[in-house]
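Below is one structure, written out as structure tokens; the observations come after it.
The values are calculated or read from the model by the stated rules, or taken from the named source; none is laboratory data. Bear in mind that the values here come from a model prediction, so they are computed numbers and not experimental data. So basically every Cβ, Gly included, is an ideal-geometry build from the backbone, and we count neighbours across all protein chains shown.
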Amino acid sequence: MAGQRGVPLPQINSEAQAERSGISIHRKVKKSAELLADEAPTAFFFVTLPEILPIAVITSFINWFHEFGIPVGGGVIALAYKKWRELK
């Protein structure tokens, strides 16, 4: 059996192998979740267009990230800085 891009998937031949595999995956998922929620190494920055709908979508994403305890570093509105610099 092949996975993405034709890479062979590992064969699990016993319940013990399945359990070990599941534990390994569980540990990886738990570690990933810990890293995502740790403000020291992680912060997400959202970049959006200077239009109402994309800003509304990013606002929703930021709220969801806060609900899940994932740190948000901020948001950037593309092209706004360039236009601001041109006005100076």
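For this structure, a couple of remarks:
- Residue within the range 36-46 that is modelled with pLDDT of 85 or more, exposed (fewer than 10 other Cβ atoms within 10 Å of the Cβ) and not in a helix (DSSP H, G or I) present: yes
- Test for A80: is it modelled with pLDDT under 85 and surrounded by 13 or more Cβ atoms within 10 Å (Cβ to Cβ): no
- Flag if V57 is of a type outside the set (F, W, Y) and either part of a strand (DSSP E or B) or modelled with pLDDT under 80 (or both): no
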